[in-house]
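FYI, it's all coordinate maths here, none of it is from the lab. No experiment lies behind these values; they were computed from the predicted model shown. FYI the Cβ positions are ideal-geometry reconstructions off the backbone, even for glycines, and counts take in every protein chain you see.
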Amino acid sequence: MMLSRASKYAILSTLFLAEHSNENRKISVKEISESIEVPSPFLAKLFQQLVRGKIISSTKGPNGGFYLSEKNKKKSVIDIIENIDGLTKLNDCFLGLHKCDAVNPCPVHFIVEPFKNSILGKFRDKTIMEFAEEIAEKGRVLTLKDIEPKPIKK
């Protein structure tokens, strides 16, 4: 189960919005792209898609920007992935084989499958807001900034 870079960025930025925006505080693409270190033009395209898919909301004008409405907050992470990648990517073989399922399993199919189902279940059952509350509560990281790369062991 591999997520595209677009899906990863979409999840990160939506969770960022969940934590930092509301109907009265809208956030610009620039602010989000700087906060989570995602290229601005790429994020702008993703946001157009997420707005069309009713995952996030936006308003134009001087106080405009992006935010999550009460309805948006009830969406799940799986909705974000479906909007960006579609769900077929989630069912792709872990090793990238063209045909892989319980009938024609790849060498790691039965190892990966339970984890994949568990992850997908959590992505499906938890709302964006529940994820955001957990982030705030547990101090999880939402940015790629300031994370020291681990030295490569030789």
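Within the range 33-70, find all residues whose amide N lies under 17 Å from a label point positioned 7 Å from the Cα of Lys89 along Cα-to-beta-carbon.
Zone members listed by number: 38-39, 42-56.
Against the longest alpha carbon principal axis of the chain, how many degrees, from 0 to 90 and to the nearest 10, is the axis of helix 40-52 turned?
On a 0 to 90 degree scale, this one is about 90.
Rank Glu37, Glu137, Glu113 by mean-square fluctuation in a GNM of the chain with C-alpha springs under 10 angstrom and give only the top-ranked residue.
Per the Cα network of the chain with a 10 Å cutoff, Glu137 tops the list.
At each listed q (0.21, 0.22, 0.25, 0.27 Å⁻¹), what is the log10 of I(q)/I(0) that the Debye formula gives for the range 34-88 modelled as equal alpha-carbon point scatterers?
-0.88, -0.95, -1.13, -1.21
Averaging sequence separations of C-alpha pairs under 8 Å and six or more residues apart, then dividing by the length of the chain, give the relative contact order as a whole percent. Intermediate values should be presented prior to the final figure.
Details: 185 pairs, mean separation 48.1, N = 154.
Computed value for the chain: 31 percent relative contact order.
Taking R0 as 25 Å, what's the FRET efficiency between Lys71 and Ser40 from their Cβ-Cβ distance, rounded to 0.05?
After rounding to 0.05, the efficiency reads 0.40.
For helix 128-138, what angle does its Cα long axis make with the longest principal axis of the chain, in degrees from 0 to 90 and rounded to 10?
90 degrees
Compute for the chain: radius of gyration divided by Kirkwood radius, i.e. Rg/Rh, restricted to C-alpha atoms, rounded to two decimals.
We get a ratio of 1.02 for the chain.
Can you give the charge dipole size of the range 1-138 about its Cα centre, rounded to the nearest 20 debye, using +1 on the beta carbon of Lys and Arg and -1 on the beta carbon of Asp and Glu?
Roughly 400 debye, rounded to the nearest 20.
Which ordering of Cys106, Cys100 is given by a fewest-first count of other beta-carbon atoms within 10 Å?
Least to most surrounded, the residues fall as Cys106, Cys100.
Quick one: net charge of Leu46's neighbours, Cβ under 13 Å, K/R +1, D/E -1?
On the way: positive: Arg5, Lys8, Lys45, Arg52; negative: Asp85.
Net charge in that neighbourhood comes out at +3.
Within straight cross-link reach of Lys126, meaning Cα distance under 18 Å, which aspartates and glutamates are found once same-chain residues fewer than 8 apart are removed?
Excluding near neighbours in sequence, the set is Glu19, Glu70, Asp79, Glu82, Glu134, Glu137.
Rounded to the nearest 10 degrees, what's the angle between the helix 109-125 long axis and the longest principal axis of the chain, both from Cα atoms, 0 to 90?
On a 0 to 90 degree scale, this one is about 20.
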